Structure formats: structure tokens, C-alpha cells
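Computed from the coordinates by the stated procedures, all read-outs in this text should not be read as laboratory data. Just so it is clear, the structure is predicted and the values come from calculations on it, not from any experiment. Here the Cβ positions follow ideal geometry from the backbone for every residue, glycine too, while neighbour counts run over all protein chains shown.
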Amino acid sequence: MKVVKKSLFVVAVIFVVTQFFRPQKNTGNIATVTAFEAETKPPASVKNILRTSCYDCHSSSTNYPWYNVITPVNYWLESHIKDGKKHLNFSKWNTYSLKRKEHKMDELHEEVAEGKMPLDSYTWTHADANLTPNQIAEIVTWAKNIQQNYKQQLSSK
């Protein structure tokens, strides 16, 4: 019994101490997606989907949930955000080559169509990020059109 109490005390102390160590937050300005939106011209409904389902992990601006203040949850979230930005960062869209933009739009519509994006682990805590079949179709259609535009630009070069 004493071992269990001591173990619980040690775990509690470690938990409290870890609360003082936190990762850097992804708190840039949402205006960093302006270049992406200006270039791809998403309709208002698609822009809303991007803002509620994509930008938190795929831009320089994340709206953090209340539980982000709890370590180790904040490290888990930071890992997701870094991984998301590594694959696609709408805030850096203007630094991508035309070929890369075409490829990213291809990946975007494939991932959404296959139900891989947004991640289940994101939608569990962000119910408004769940996409309806109509929203999926809308994103896929829009992304395919943008991808086609990039393909045409590439072929004319």
C-alpha cells in the first residue's frame, strides 16, 4: 500500500513539474493565408471549411483549445501541428513552386475524398470540423479545379 501511495505521489509531482515546460505555440497571424486565398479564390463556403477544418494544423495560426495548457497534451498537439505544416502549409503557399502547388492540391482533394483529412483525432475535439458529404464534394471539386489550373499553367511553360 505504501508503494502505491509513494508511486502516486511521485507521478503527481512529475505531472505538476511538467506543467512549467511547454512547447512554443503556433500563434502567427491568420492573415498569412491571404496569399493562398487570393490565388486559389475559394468560394465563401470553401473558405469557411478551410478555416474550421484545415488552418489550425496547416497554417501559421492555430486556435488552441482550452486543454492545450495541460502537459503532455500540448506536446501532442504541437506534434500534430508540426506534422501538418510539414505536409502542407497554407501560410507559405507563395513560396511553393507551381509544380508543388499542383501536387499539394492533388493531395488535398485525395486526402479529403478518402476521409483522411481532417484527422479523426482533430474532429473528436472539434465537432465543427467534421465534413458532411456535401462539404467533401465541394472541397474536392474546388481543389480539382485549382489543380487543373496549375496543370494548364505548367503545360504552357
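Order these by the 10 Å Cβ neighbour count, fewest first: Leu131, Leu88, Leu154, Leu8.
Numbers: Leu131 18, Leu88 21, Leu154 13, Leu8 10.
The fewest-first ordering by Cβ neighbours comes to Leu8, Leu154, Leu131, Leu88.
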Projected label distance in nm at Trp66 and Asn149, using a 7 Å step from Cα toward the beta-carbon: 4.1 nm
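Neighbour counts of other C-beta atoms within 10 Å: give me Val46, Val11 arranged from fewest to most. Mind dumping the intermediate values first?
On the way: Val46 18, Val11 10.
Sorted ascending by nearby Cβ count, the order is Val11, Val46.
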task: Please turn the phi angles of the stretch 125-131 into ³J(HN,Hα) values with the Karplus equation 6.51 cos²θ - 1.76 cosθ + 1.60 (θ = phi - 60°), one per residue in order, whole Hz, x for glycine and proline.
output: 10, 10, 4, 5, 8, 4, 9
Amide hydrogen neighbours beyond the local backbone of Ser61, cut-off 5 Å, H modeled: Gly28
Efficiency of FRET from Cβ geometry, Leu98 and Lys25, R₀ 35 Å, rounded to 0.05: 0.65
- request: May I ask for the angle, rounded to the nearest 10°, between helix 98-113 and the longest principal axis of the chain, with both axes built from Cα atoms and the value confined to 0 to 90°?
  value: 60 degrees
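In whole percent, what relative contact order does the chain give with Cα contacts below 8 Å and a gap of six or more residues? Walk me through the intermediate numbers first.
On the way: 136 pairs, mean separation 40.8, N = 157.
Relative contact order for the chain comes out at 26 percent.
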field: Pairwise centroid distance, computed over Cα atoms, of the stretch 57-121 with the stretch 127-141, Å
entry: 16 Å
message: From the alpha carbon gyration tensor of the chain, can you work out the equivalent ellipsoid semi-axes (sqrt of 5 times each eigenvalue) and give them in Å, largest to smallest?
response: 38, 16, 13
statement: Assertion target for Met105, Met117, ordered by fewest C-beta neighbours within 10 angstrom first, is Met105, Met117
Additional length obtainable on full extension of the chain from Lys6 to Asn48, 0.36 nm per residue less Cα span: 10.1 nm
- prompt: Using θ = phi - 60° and the Karplus curve 6.51 cos²θ - 1.76 cosθ + 1.60, what whole-Hz ³J(HN,Hα) does each residue of the stretch 27-33 get, with Gly and Pro shown as x?
  reply: 10, x, 8, 4, 4, 5, 8
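Divide by every residue of the chain the summed helix terms, -39500 (n - 2.57) for each DSSP H run of at least 4, and state the resulting mean residue ellipticity at 222 nm, rounded to the nearest 500 deg cm²/dmol. Present the calculation step by step, with values, prior to reporting the outcome.
Working: 8 runs with 96 residues, N = 157.
Estimated from H runs of four or more residues: -19000 deg cm²/dmol.
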task: Have a look at Trp93, Trp142, Trp76 and tell me which one the Gaussian network model of the chain (Cα, springs below 10 Å) gives the largest fluctuation.
output: Trp76
